[in-house]
1. Going by amide H atoms built from the backbone, whose H comes under 5 Å of the H on A:Q507, apart from near neighbours?
2. Tell me which of A:A230, A:L397, B:G41 sits at the most positive position along the dipole axis of the protein assembly as shown, charges placed on C-beta atoms (Lys, Arg +1; Asp, Glu -1).
3. Excluding residues fewer than 8 places away in the same chain, name every one of the lysines whose C-alpha is closer than 21 Å to that of B:K97.
4. Neighbouring Cβ atoms within 10 Å as the yardstick, rank A:K388, B:K245 fewest first.
5. Pull out a ≥ b ≥ c, the square roots of the eigenvalues of the alpha-carbon gyration tensor of region B:149-206, then state rounded if a/c is under 1.5, prolate if not and a/b is larger than b/c, and oblate in the remaining case.
6. Add -39500 (n - 2.57) for each DSSP H run of 4 or more in chain A, then divide by its residues: what number comes out at 222 nm, to the nearest 500 deg cm²/dmol?
7. At R0 = 60 Å, how high is the FRET efficiency between B:T230 and A:H568 if r is their beta carbon distance? Nearest 0.05 is fine.
8. So what J values fall out for region A:186-195 if you push phi through Karplus, 6.51 cos²θ - 1.76 cosθ + 1.60 with θ = phi - 60°, rounded to Hz, Gly and Pro as x?
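Since every read-out is calculated from the coordinates, none of them should be taken as a lab result. Since the model is a prediction, treat every value here as computed from it, not as a measurement. Because the Cβ atoms are built from the backbone with ideal geometry, glycine has one as well, and the counts that use them run over all protein chains shown.
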Amino acid sequence: MEYDIEFQGVSFRYAGAQSDALSGVDLQIPRGQIVLVTGPAGSGKTTLCSCINGLVPHYHEGELKGEVLVRAYHTRRARIGGLASLVGMVFQDPESQLVTSSVADEVAFGPENLGVPRAQINQRVAEALSSTRLLGFEDREPHNLSGGEQQACAIAATHAMHPEIYVMDEPLANLDPSGRAQVLQMLIDVAKGRQKTLIIVEHSLDEVLPLVDRVLVMNEGRILRDGTVAEVLAAGDIPRVFTRPEIVRLAERFGLDPKTFSAEKFYTDLNARHPLGMITPAERLQPTSTNSSQPIIEFQDVHYSYKNQTAALQGVSLTIHTGELVALLGRNGSGKTTLARHIIGLLQPERGRVIVAGRDVAVTPTHELTQEIGFCFQNPNHQLVAFKVRDEMTFGLKAHNIDPAEFDQRVRRALELVNLLDVLEAEIFDLGKGQKQRLALASVLTLEPKILIIDEPTTGQDPQMTREIFDIIKHLNELGTTVLMITHRVDYAAAYASRAIVMNRGQIAFDGPVLELISDLEIMQANSLDLPDVTKLALQLHKHGVPPWTIQYEALEGYLAQLVEASHGD
Amino acid sequence: MAIEYQKGNAFLHRLDARTKLLLFVGMTILAIVVVDPLLMGLLFMALYLVGARSVDRKLLNSNLRILIVIFLTFSLFQIIFFTSKDAHFLFYLIPVKNWIPVTVQGLVRGAAVFFRFFSVVLAVHLMLYTTPPVDLALTITKREQNRRLGAELTSTLTLGLILFVIAHLTKVEEIQALSADIRVRTLIVLAASFVLAYILQKIIGHGLPPEMGMALTLGFATVGLLSKQTEIITDAQKARGYDVKPKNLIRRVQVLTALLLPIFLATLERSQDISVAILSRGFDYNISARTYRRQLKFQSIDYIVLTLIVLLLFAGMYLNYLNIGNPTEQFILNLLANRS
């Protein structure tokens, strides 16, 4: 059999690294296969991809053992440019891979490098743009596109090179749910349409699993599992490495087909097997709790618009009380970040007032507001200012003239909160992505803010790291900090926050208890918010008495067990 | 203030990038050739009127206004220090001590210098405002492997003829010293002009190696992104409680260094991203055989503009050749002579 990609005993160690990024990988991928590669951060997925397109060992230096063959070529002897004509690679961060000043130039860049004649380039550009639904975007600047459009542009740019193999390294990580579904479908269409091999790296399995032929699970540079979707799912979970989607786990628990990915299929199969009756769970949706504590953030009819653009905020009024944990949800570009920036005075309302901790933001300088408010940005690299963790931690303290005698105690307390005390003396460059995110949070916590605003704390992190961050946020809230977090993750928001605010086109589309939000299908769909799988299933089972706001896996499992038991009891 | 490309489809936008580059070069040479302030002023006005039709007038004015003071200073220097021996003396700038004489020639030259500088600056502005940087980079990048013989021949002939005329206009004595026979003389000059033209067009036609051209293109594309990133970083710093504009100077320097580190890191990171991105898209496939989507093509309007520039150059040189290159100065001097 002829393989597109073959790894023969491949190990790789980055120059200066302590351990192997890949160790003893043997792998054969036949032509036309669609393969999902999954595993926790740092498990070697990206290195595996880089081996295929020759970045390892030609760009990233290190020690490569074994052979990687792409078609008939040994990557060790081929050039990256040569391999690029065979292997099209798309990376996680769309912005970092767009290099020219217009979409059309971007898509033409690859074919130009390959020396494709001009007439054909224009044809390929048109074709690639139409298959990624970007027609009409030719003259737009890539860095002014939305995340989803940028990723589509990167895919178009790769597609126009007509590669034999597509390698996608977490192409969905930076997108919002509606963007994710669209880009994923586009990827599959592009590869299947031309019957090419596709390798896709992804953390969130529930969306990708139904679409792929084969799954690789990696950890610590090794392939732990390799097989068809059914085989890999049947082998069960691996703690901290591989957690199957909730519906799959429930399907196994109740003896259904392990390749059950949709709530609808689960429900039909379950009903066929055990005709379902009714249960009457004791739980009731708690009425909207009227928060009696002090208001700490107040927006009064706030309007704001960016230069030459439509209004970003249109008459926003809301009150957040001391001690609340609020999730701010909505599509990309719906005004979430604009709203958050008003709280700390980075933006001033054009009309209306913003009052934070009793002070009018319009007349209070940002650096004074920061004594009360901690603000964490999406990309930790943007707010880290020092080379050493200790310097980073004390920077804010110095800026606010805190007594140096308190430094050590405050730094330690903040690092302890985010579980990073062991890196106190480390260099920031040596930290991993998840650690940097937590460090950025810790450096804000040294000032012991009363209010914490966090913008997308979990972008590009694996499920384990995501859970850690949310646990920390929850813990801080329990200690009395008022928290406003911007997030795409409805499932986590529902599990951790009590109140949700949904923004849509600069207006508040919903403001109330999270559980009320997830039971309101209309609002969820109108804002392209994706229900957690558990809730989707609960919704299907609503007519059998299961509360539609169920979000915990265990709770749903309990209800299902009751239902099945009742069905057999009759 | 950066001069950024303004999208549009006006007259100047439609010109070929090479025409605009040559327009700028031509304007610079004209600014050297033409010495009369009135003629230079007319040239400036003409260019300004053309430019204001293609670029937002307010933007153009605000950019030029900043330079008025600087160029006036230049003019003042000319007025003060330009004192040839036979210059027509007017008055002393500091009368009591008889310091710094001001002459008619100095004043005229000062006024001319003012317009000369402005014309060159205006030409640069118009070029940058109406040409995508990518196209500009492309004009100076070597692209086609083999240029067509016809194109090469045409450009050599045109350039040769221009050089031939220039030689006759500017180096009259030298040419006459070459040989007694006028036919031999002409032949020598013609041959020299064509050889020079051939070499020149080879050099111009060669252009930058594609690697450098692409580096320029990619660099231009990064400017917008980096400035956006700088904005984000500044905001992040503000949000961490740094007073970004403190009154205390030492504190301000400290804040600036805190700002520079992440910006520096972001730039470094960006350059690595770019190298990975372009390598993955086949940048080193075979760079000398690279093709280009963007096509530079001369249209009849480009030829008209180029001819106009060449004609203006000739006219300027011809005026100098006839010793009537500076009518304004002549006119004033005559006026003064008649009165005295």
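1. A:Q314
2. B:G41
3. Answer for B:K97, where 21 Å is the Cα cut-off: B:K85, listed by chain and number.
4. In order of increasing Cβ crowding within 10 Å: B:K245, A:K388.
5. Numbers: a/c = 2.93, a/b = 2.30, b/c = 1.27.
Judged from the Cα gyration tensor, region B:149-206 comes out prolate (a/c at least 1.5, a/b above b/c).
6. Working: 22 runs with 207 residues, N = 570.
Theoretical 222 nm ellipticity from helices: -10500 deg cm²/dmol.
7. Values: r = 66 Å, r/R0 = 1.10.
Calculated value: 0.35.
8. So the J values, rounded to whole Hz, are 4, 4, 4, 4, 4, 6, 5, x, 10, 6.
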